[in-house]
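Undergrad: If you scroll down you'll find the structure; I have some questions about it.
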Amino acid sequence: MSAGTKTPTDPAGRRVLSAALFASAPAEVLDFLLPLWAGSTLQAGASVVGALIAFEAVLSLIVRPLAGELADRFDQRRVAAAGAGLYALSFAGYALADSLPVAFAAAGLGGAGGALFWVALRAWTGQEARDGDGTAAYGKLLSAEGQGAFVGYLVAFSLLERTGYPVLFWLGAAACVLAMALLLRGPGRAPARPGAEALEAEGPLGRGTAERRLLPLMVVSAVTAAAEAGLWMLLLLRLQGDLGLSPNAIALVFAPGFVVFVLLPEHAHHLTGRLGRTPTMVASFAAGALFAAGLAVVSTPLAIAAFWTVAAACFAAQIPVEQATVAAASGGRIGRGMGLYETARLAGVVVGPLVMGVLYEELGWVAACAAAAATSAVGAVVVPFAVRVLRLPPEENKAGTAAPAGAGAGAGPETVHMTEDGEDMDTSKPEPAQPALGPKEHARKERRDWYIHTAAFALGQLVLWALDSSWLVWQITDGSVPDDQRGPLVWLGRIWLTIWVIDTLWSWSYTIWPREKKAKS
């Protein structure tokens, strides 16, 4: 491993993952609460609420390319910290807002802060994992985001009716300040400069061949993201309107898939490393097409939950591979590549609901599902070409055989190798393996992780107990949960208990039966 390179298991990496968790918790909840808050607190109509959401999204789109350039020129953690600071100011603005101008100012700060934070954080992940498994690094980051969303929704649904919106917004601001403090810890370090070939490719206008080669993949990402976002919006409306489900019942439909999406990314690289980048993305788009087509013919909540869980598993495997592929193909300008990728996906998320909404109103539910399925199917067909255009060097897969370019195992930043002086390294030489952890060190790491998981579990159970929704407490005190107390929080707590028991057995097995952690090649 080259000097200065860190992985998400090192102190700096753990701080970055923790910052992602703390910032994603309020950010994810805000997407859900913003329309409700604007309508109830500011008495805003549908058009004004739509304008508020659009203003934040458009500003985030505008700032994302700039965020990529800043991430390439300065320390990515400092850029991300600036984004977290703007996030905190945004939540403080929402907490104090008593008029629409203040709300729009808060939305603008949040849009700019989100662009700086996420682009820089993903650029840092690609930069620091370039000599390791990039797909695994992006998987850990995605898992941290999902865990943050889980905690955020748990806190929001627990406190909203008791405290109101301002307290939640102040808690969000505090979480973002904590994320900023984590990112500012430790010495700053500018990103490694790209090699000579990458600099020559930039040309006089700063638009290099790497950026042009990324264009087909960006188009695929934008179009498929538009279809997914639009279908997601229509599915929520269908579950609430046509099927008459309550918000709690809707949450139960999506809960299994959400749990899979949170837990799987950190471990999916063991499989995707063997399949390669292209088969993984093709399988994910195919699963998206199956999900959309299935929604056109099924109508029961159980069937919808099953389809969504399968699709969530594929998305959890695909997104880290997709991000790692962008980082690998960025020609040394990982920040710029991530800025383009984030811009493409956000543009799709902004446009998709509008287009799919019009299609639904004009042609109906089945036509909307068919359009989304066709879009994902086209993505599955086009993505092999989009990856081949990147001309990534072949990688050795886990079985030890060379995978063809565009279908390599790592799909990650490790395909771009540079020295600290910015000169290209000889990629024909095998990269040094990450050192294996000895049995005692591995057992110690597993116990340390278990302590953190247990503290979060205990805090969550305490919150559930305060809400009379802890399945564990009801079982201990009364032997069963009363019928009038059953609900999504009780069900969620029971799933969390099961996960904690499995995690406990697995983590402490390394203490009872010590074994080393294999080195990553």
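Each reported figure results from applying straightforward, stated rules to the coordinates on display, with no laboratory input. Quick caveat, the model's predicted, so the values are computed rather than measured. Here the Cβ is made from the backbone with ideal geometry for all residues, glycine too, and neighbour counts use every protein chain on show.
Undergrad: So if I place +1 on the C-beta of Lys and Arg and -1 on the C-beta of Asp and Glu, and nothing else carries charge, what would the dipole magnitude of segment 1-122 be about its Cα centre? I want it in debye, nearest 20.
TA: 400
Undergrad: May I pose another question? Mind ordering 213-224, 273-284 by average Cβ neighbours within 10 Å, highest first?
TA: Answer by packing, highest mean first, reads 273-284, 213-224.
Undergrad: Here's something else I'd like to know. Pull up all non-local amide H partners of L245: gap of 5 or more, or a different chain, and H-to-H distance under 5 Å with H placed in the peptide plane.
TA: Here Q240 satisfy the definition.
Undergrad: Evaluate the charge dipole of segment 245-378 about its Cα centre and quote only its size in Debye, nearest 20, assuming +1 on the Cβ of each Lys and Arg and -1 on the Cβ of each Asp and Glu.
TA: Dipole magnitude for segment 245-378 comes out near 420 debye.
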